[in-house]
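Single-structure report; data block below.
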Amino acid sequence: GASATRERLAQAEALTAALVPPSRLEARSISAWFGDHLVLQDVSLQMPAGQITALIGPSGCGKSTFLRILNRMHELVPSAALAGEVLLDADDIYDAGHRLVDARKKIGMVFQKPNPFPAMSIYDNVVAGLKLAGVGATRSEKDILVESCLTKAGLWNELKDRLRSPGGGLSGGQQQRLCIARSLAVKPRILLMDEPCSALDPTSTRVIEETMLELAQEVTIVIVTHNMQQAQRVSQQCAFFLASQGQPGHIVEHGDTEAMFGDPIDPRTHDYVNGRF
Ligand code: ADP
Ligand code: MG
């Protein structure tokens, strides 16, 4: 019957997703400008496949700019300029042959302020993730997709009986998880998260951290966070950004999260991770 078919399709969908290995991302010698203002200088960072990389550092040091460079949002700012390369596995996403829409399909993004389409239903919010990337789907493909993405975002059991209610009626934490579900709709290889929990309460924060840890099996995650406990709870790799005394944003130190927190090389890293900044 219909439910057996549905179950089979859901299993197939889950299987396909699991079979796509996460991608690695690498920034090479990235420099970035807004007009004449150099905000990032010579930033190189490897973000290993299937790991969570945390970007930490004081406000204004270029973390969000760096994240936007990783999914080609930076170029949408009229005054913005860029040098360097971003490799997604073997491909430079800035190569002439690589289209913006390809970057959108492979690299998802979640922002600090949850931004579901408030008047749109929960169901349509998830499907909108496909539309934004220019991907079509049949009705039954959409049904499977919505269930699968909401499950991965830890929302299915909570919301399956009100898929037609507006996304704007959810709590802040649920809205953010809906945004995660929307970003998963195209099965991205990379998920970028810019302070995804800064606007949330501690309980919602922990739920999203658990979701991230599960997602890391199939998608490589890069998260900007000001929460040092969060960086330690979720990330394997960490990069400390700093912009100081006329120096543009750059990476002071990066590496294994445990080492960065337990035994940092640079005294400025030591001060920052211990809250002395
Ligand atoms: P962070 O996320 O670490 O707080 P940002 O990447 O937001 O840092 O900002 C880095 C620098 O770039 C700051 O000096 C900021 O004022 C500047 N900046 C960010 N976005 C823009 C923009 N759209 N136009 C001009 N300057 C910008
Ligand atoms: Mg920022």
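Determine which single condition A216 fails, assuming it passes every other condition in (1) over 30 Å from E158 (Cβ atoms); (2) touching a residue at least 40 places away in the same chain (Cβ under 8 Å); (3) surrounded by fewer than 21 Cβ atoms within 10 Å (Cβ to Cβ); (4) touching a strand residue (DSSP E or B) at 6+ places or on another chain (Cβ under 9 Å).
The single condition A216 does not satisfy is (1).
Within the stretch 28-58, can you find the residues that are without any contact (Cβ under 8 Å) to a residue 24 or more places away in the chain and within 7 Å of ligand 1 (Cβ to nearest atom)?
H37
Find all pairs meeting these conditions: Cβ atoms under 9 angstrom apart; at least six residues apart or on different chains; first residue within the stretch 240-263 and at pLDDT 95 or above; second residue among the basic types (K, R).
F240/R268; F241/K63; L242/R268; G249/K63; V252/R268; E253/R268
Name the single residue that is modelled with the highest pLDDT among those in the stretch 80-129 being of a type in the set (G, A, S) and part of a loop (DSSP other than H, G, I, E, B).
Among residues in the stretch 80-129 that are of a type in the set (G, A, S) and part of a loop (DSSP other than H, G, I, E, B), the one modelled with the highest pLDDT is A119.
Take the conditions within 16 Å of ligand 1 (Cβ to nearest atom), modelled with pLDDT of 95 or more, among the hydroxyl-bearing types (S, T, Y) and within 24 Å of Q217 (Cα to Cα) and apply them to T65. Does it pass?
For T65, the condition - within 16 Å of ligand 1 (Cβ to nearest atom), modelled with pLDDT of 95 or more, among the hydroxyl-bearing types (S, T, Y) and within 24 Å of Q217 (Cα to Cα) - is not met.
State whether one or more residues within the stretch 183-192 are free of Cβ contacts under 8 Å to residues at least 60 places away in the same chain and within 16 Å of ligand 2 (Cβ to nearest atom).
No, that holds for no residue.
If we keep just the residues of the stretch 231-244 that are within 16 Å of ligand 1 (Cβ to nearest atom) and outside any loop (DSSP other than H, G, I, E, B), which is surrounded by the fewest Cβ atoms within 10 Å (Cβ to Cβ)?
Step by step, filter the stretch 231-244, then rank; the result is L242.
For the stretch 104-137, which positions are over 18 Å from the mean Cα position of the chain (by Cα) and of a type in the set (G, A, S)?
Answer for the stretch 104-137, where residues must be over 18 Å from the mean Cα position of the chain (by Cα) and of a type in the set (G, A, S): A119, S121, G134, G136, A137.
Quick one: would you say Q174 is farther than 29 Å from C61 by Cα and crowded, with 21+ Cβ neighbours inside 10 Å?
yes
The values are calculated or read from the model by the stated rules, or taken from the named source; none is laboratory data. Computed from a predicted structure; not experimentally measured. Counting neighbours? That spans all protein chains shown, and the Cβs are built from the backbone with ideal geometry, glycine included.
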